[in-house]
Amino acid sequence: PARHFDTRTTEPISFFLSGLEELLAWKPDSNDDFNVSAVPLAKRQPPLHSKRPRTLVCHDMRGGYLEDRFIQGSATRNPYVFYHWRYIDIFVYFSHHTVTIPPVCWTNAAHRNGVPVLGTFITEWTDGERLCEAFLAGGEEAYRAVSEQLARIAQHYHFDGWLVNIENTLSAAAVRNLPPFLRHLTAQVHRAVPGGLVIWYDSVLQNGALKWQNELNEENRVFFDACDGLFTNYNWKEEHLARTRGLAGPRHVDVYVGVDVFARGDVVGGGFDTDKSLRLIRQHGLSAAIFAPGWVYEHLGEENFLHNENKFWGLLAEYLPTHSICTLPLATSFNLGMGTSRFLAGKEEEAGPWYDLSAQEIQPLYPEREGRLSTSCCLQDAWCGGSSLRVQGTIPPGEERVAIRLFSLQMPAPPKLFLTLLYKPEGPRPDEFTVALELTTWDSGTCHEGDVTSLPAEPNGRHHPRFLPAPPPGLAKLLAACDRGSHGWTSRCYELDLQDCSLRDLSLLVSRHQPSPQAMPFTCLLGEVRVLDAASVAASPPQVQSLAASQLWWQ
């Protein structure tokens, strides 16, 4: 069927639904199997329901379902990717089709990085009026059928809920049923999807008129009260934020103030001035909804995209609270889900562009310190996949080392950890510095390194794991080649024993061999980092059972 398979190549594709009939007729289908996300939503700290202001990203690019519709990837040159997951809380896939089911590759990448994904249910123009009249003015049975279908669709494809966007006027009968519809949809989504969400877009008013308010007020509050949050329109001023904060009360973090990165209309700031908007939003303790950050790709062009993308998010970082990883194992080779070649064990296996967001791995923090430090994606060389992480910086005069924070952690430390690192020094003087991993723990009177008799850890909780020249017995397969690498990559294994500690940060430590009054620049590629709980590493993995293969096409 053309809905599920590309008519030109027969490859499986992601799809949307158009109109009420298609929505109500939808049911699970074996051709759908490709479209179901296989990656559970990773846990992170703090959880979404904490009272910290959140950041929502609404992805709207050229109508949606571009190369990202190819579920098994495509040979796209310079595709759009998003990888600053540590900085955001919710990802919305937006298009102008009635029911936007997020392409499964986005759900996989977001879930692996702990971010829930919402689809979009939109009605607009005169067709939208007719559609709303059909399901809202008709009565309880009609609107319940729609909310039950939407909840089933999210549950079936394993995404996390809906942005609801009614962009047309409503009759008195239709608008009367809108709050009960939203309440029912929210309850259904919560029941069908653990941690599910329904967010309402600031559009229609309680009298049925289509009039964007750019704030939470008495005209649209009834819809906010019926669901998990409000996404405001973009043309607000500071007084709108103050009124919104007052009216929202304890639910102020459930208001996502819209920021259009394309800066259409009368807005505070978009593009590389988006930070101006975010600063005001955060001053009022509200959440933010960043709309169309693909501006970086569409407006500035795809050639220098990765550089511009890091610049864009780097400018916002001050206003984006980051998230911590709270489960082990942590293992990543920094793959972006795209590349100009494919690498395996440091060797180029296949040249040529590829794009498959489902292959994107856990992404780090991408710290930037003006002039002193930068982290970026390197497509020219990788250990595994399509990219590695390039760390560039300077060790200041008189200092011996610099630590680059890769991941924020928040979990109790197991008694024994194994860590592995694959790196490749670059630049004119690769022999003048060494690279290692550093773990920090939260300050607590009880945290010890080693056994109880040993001294407490350094007061600042910095731990430098012991280098293992060879893998410990029984772990040779998992920790292979602790003292070797290949194709210019160096492999290192470490172990660390901790007691009553809580993990805080994983950093890369770059040290010079001897102190010097001169600053020392360095560049290094990271190919892979792993943090493993020794106890679960030693346990044998569960056996795979009842393996079945379907939908095969031999080439």
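Please work out which residue is nearest to residue 152 (Cα to Cα), limiting yourself to segment 172-213 and to residues that are open to solvent by 40 Å² or more (accessible area, probe 1.4 Å) and in a loop (DSSP other than H, G, I, E, B).
From segment 172-213, those open to solvent by 40 Å² or more (accessible area, probe 1.4 Å) are 172, 176, 183, 187, 190-191, 194-195, 206-207, 210-212; that's our starting set.
The next check asks that each one be in a loop (DSSP other than H, G, I, E, B); those that pass are 194-195, 206-207, 211-212.
Values: 194: 13, 195: 15, 206: 28, 207: 30, 211: 31, 212: 30 Å.
My answer is 194.
Does residue 53 meet the test of being open to solvent by less than 70 Å² (accessible area, probe 1.4 Å) and either outside any loop (DSSP other than H, G, I, E, B) or touching a residue at least 24 places away in the same chain (Cβ under 8 Å) (or both)? Break it down into steps so the answer makes sense when it comes.
On the way: open to solvent by less than 70 Å² (accessible area, probe 1.4 Å): yes; either outside any loop (DSSP other than H, G, I, E, B) or touching a residue at least 24 places away in the same chain (Cβ under 8 Å) (or both): yes.
When the stated conditions are applied, residue 53 passes them.
Check 137, 110, 75 and return the single one that is over 17 Å from the mean Cα position of the chain (by Cα), assigned by the TED database to the domain that holds residue 278 and not charged (D, E, K, R). Spell out how you get there, then give the answer.
Values: 110 fails: over 17 Å from the mean Cα position of the chain (by Cα); 75 fails: assigned by the TED database to the domain that holds residue 278.
When all the criteria are applied, what remains is 137.
Checking residue 123 against (1) out of contact with any Phe, Trp or Tyr (no Cβ under 6 Å at 6 or more places or on another chain); (2) buried (at least 21 other Cβ atoms within 10 Å of the Cβ); (3) in a helix (DSSP H, G or I), which single condition isn't satisfied?
All conditions are met except number (3).
From the list 112, 152, which residue is touching a Lys or Arg at 6+ places or on another chain (Cβ under 9 Å) and either in contact (Cβ under 8 Å) with a residue 60 or more places away in the chain or of a type in the set (Lys, Arg) (or both)? Break it down into steps so the answer makes sense when it comes.
Values: 112 fails: touching a Lys or Arg at 6+ places or on another chain (Cβ under 9 Å).
Of 112, 152, the one residue that is touching a Lys or Arg at 6+ places or on another chain (Cβ under 9 Å) and either in contact (Cβ under 8 Å) with a residue 60 or more places away in the chain or of a type in the set (Lys, Arg) (or both) is 152.
Only residues that are of a type outside the set (Gly, Ala, Ser) and open to solvent by less than 40 Å² (accessible area, probe 1.4 Å): list them for segment 307-320, please. Steps first, answer last, please.
Of all residues in segment 307-320, those of a type outside the set (Gly, Ala, Ser) come to 307-313, 315-316, 318-320.
Within segment 307-320, 308, 309, 310, 312, 313, 316, 319, 320 qualify.
Given segment 278-362, what strands (runs of 3 or more DSSP E) lie entirely inside it while holding 1 or more residues that are more than 14 Å from residue 379 (Cα to Cα) and touching a residue at least 40 places away in the same chain (Cβ under 8 Å)? Let's see the steps before the verdict.
On the way: elements: 287-291, 330-332, 338-344, 347-355.
By residue number, 287-291, 330-332.
Does residue 217 qualify as being free of Cβ contacts under 8 Å to residues at least 60 places away in the same chain, touching a strand residue (DSSP E or B) at 6+ places or on another chain (Cβ under 6 Å) and outside any helix (DSSP H, G or I)? Even if it seems obvious, please write down each step before you answer.
Working: free of Cβ contacts under 8 Å to residues at least 60 places away in the same chain: yes; touching a strand residue (DSSP E or B) at 6+ places or on another chain (Cβ under 6 Å): no; outside any helix (DSSP H, G or I): yes.
Criteria not met by residue 217.
So how many residues does segment 398-442 have that are small (Gly, Ala, Ser) and part of a strand (DSSP E or B)? Steps first, answer last, please.
Residues of segment 398-442 that are small (Gly, Ala, Ser), as a first pass: 398, 403, 408, 413, 427, 436.
Now restrict to residues that are part of a strand (DSSP E or B): 403, 408, 436.
Number satisfying all stated conditions: 3.
Looking at residue 33, is it surrounded by 13 or more Cβ atoms within 10 Å (Cβ to Cβ) and modelled with pLDDT under 95?
On the way: surrounded by 13 or more Cβ atoms within 10 Å (Cβ to Cβ): yes; modelled with pLDDT under 95: yes.
Considered against the rule, which asks whether it is surrounded by 13 or more Cβ atoms within 10 Å (Cβ to Cβ) and modelled with pLDDT under 95, residue 33 comes out as yes.
Might you let me know whether segment 339-361 holds any residue that is in contact with a strand residue (DSSP E or B) (Cβ under 9 Å, 6 or more places away or on another chain), of a type in the set (Val, Ile, Thr), closer than 30 Å to residue 501 by Cα and modelled with pLDDT of 95 or more? Reasoning before the result, please.
Of the residues in segment 339-361, the ones in contact with a strand residue (DSSP E or B) (Cβ under 9 Å, 6 or more places away or on another chain) are 339-344, 346, 348-357, 359-361.
Those left that are additionally of a type in the set (Val, Ile, Thr): 340.
Checking the rest, the ones that are also closer than 30 Å to residue 501 by Cα come to none.
No: zero hits.
The values are calculated or read from the model by the stated rules, or taken from the named source; none is laboratory data. These figures come from a predicted structure and were not determined experimentally. Cβ coordinates were reconstructed from backbone atoms using ideal geometry, including for glycine residues, and neighbour counts include every protein chain displayed. Accessible surface areas use protein heavy atoms only, side chains included; no ligands, DNA or RNA. Shrake-Rupley method; radii C 1.70, N 1.55, O 1.52, S 1.80 Å.
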